[in-house]
Amino acid sequence: MIQKLMKLSSKFGVIAIIGLMYSMQIQAHGGLSLAEDMCKLTIGPYTMHFTGYQPESSQEQEFCEDIPVTGRTVVALDYINEELRPMTTEVRVIRDVGSDENIDSITVFHIPPKVYSNGSVTFEHNFPEPGKFVGLVTIKGEKDEYVSRFPFAVGTGGKSNLPYILGALAIAAGITFFFLKSNKKA
C-alpha cells in the first residue's frame with residue numbers, strides 16, 4: 001500500500017513540475033497572457049483581445065507574443081470591456097534599449113491617441129529586421145490613464161519547445177530508473 005502511494009505521489013509531482021514550467025512561460029510577457037485560447041492584454045482594470053498575423057509567412061496562424069519572422073505584421077486589439085469605447089487608445093512600438101527616455105528616438109511605430117467607438121484598433125507594420133521591442137498601449141479616460149507594457153521579439157522563429165521536451169524526457173528517464181530500481185528490490 002505504501003509503495004502504491006509513493007508511486008502515485010511521484011506521478012503527481014511530475015505533473016506539477018511540467019505545469020509549473022508552462023506557467024513560467026506565460027509570465028514572461030508583461031501584460032499579455034494566453035487564457036481560454038484567447039490572447040488577452042491587461043491594461044489596468046481593463047482587458048483587450050490581442051491578435052497578430054503575418055499574412056505572407058504564416059497565413060492565418062495567430063500569435064500573441066513573439067513575432068516569428070520579420071516582415072509585414074497585422075495586429076488587432078479588440079476591446080473586451082465596453083467601458084473602453086469612449087476612452088482614447090494610443091499604441092506605440094519602441095526598440096527595447098533598456099530605457100524609455102527620449103521615447104521619440106526609439107519609436108518604430110506610433111498611433112496617436114484616438115477614440116475607437118467600434119471597439120477595435122487594427123494596424124499594420126513592417127518589421128524589416130529582427131530585434132527586441134516593447135509594445136505600449138495607453139488608454140485615457142476622463143480621470144485615469146493606464147499603460148500596458150509588453151516586451152516581444154521579432155524574427156526569432158517563434159518559441160522553441162525543445163527545453164520543455166528535454167526536461168520532460170529527463171524527468172521520465174529519472175522516474176523509469178527509479179521504478180526499475182525499486183522493482184529489482186521487490
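Where a number appears in this text, it was derived from the coordinates with a stated rule and is not lab data. Quick caveat, the model's predicted, so the values are computed rather than measured. Quick reminder, even Gly has a Cβ in these numbers, built from the backbone with ideal geometry, and neighbours come from all protein chains shown.
Structural remarks
- If the Kirkwood radius is taken over C-alpha pairs of region 31-155, then at 4 °C and 1.567 mPa s the Stokes-Einstein diffusion coefficient equals 87 µm²/s.
- Evaluating 6.51 cos²θ - 1.76 cosθ + 1.60 at θ = phi - 60° for every residue in region 77-86, the Karplus couplings come out as 10, 10, 5, 8, 8, 4, 4, 6, 4, x Hz, glycine and proline recorded as x.
- Across region 122-131, computed HN-Hα scalar couplings (Karplus, 6.51 cos²θ - 1.76 cosθ + 1.60, θ = phi - 60°) run 10, 8, 10, 8, 9, 8, x, 9, x, x Hz from first to last residue, x flagging Gly and Pro.
- Computed as a quarter of the hull surface, the mean projected area of the alpha carbon convex hull for region 94-144 stands at 4.9 nm².
- Loop GluC sites (Glu not before Pro), region 72-128, which have at most 16 other Cβ atoms in a 10 Å radius of their Cβ (DSSP): E101
- Computed over region 31-155: relative contact order in percent, which uses C-alpha pairs under 8 Å that are six or more apart: 28 percent
- Where labels lie 7 Å past Cα in the beta-carbon direction, separation of N81 and S99 in nm: 3.3 nm
- Residues whose amide H comes within less than 5 Å of that of T88, counting only those at least five positions distant or on another chain, are K140 (H built at 1.01 Å from N in the peptide plane).
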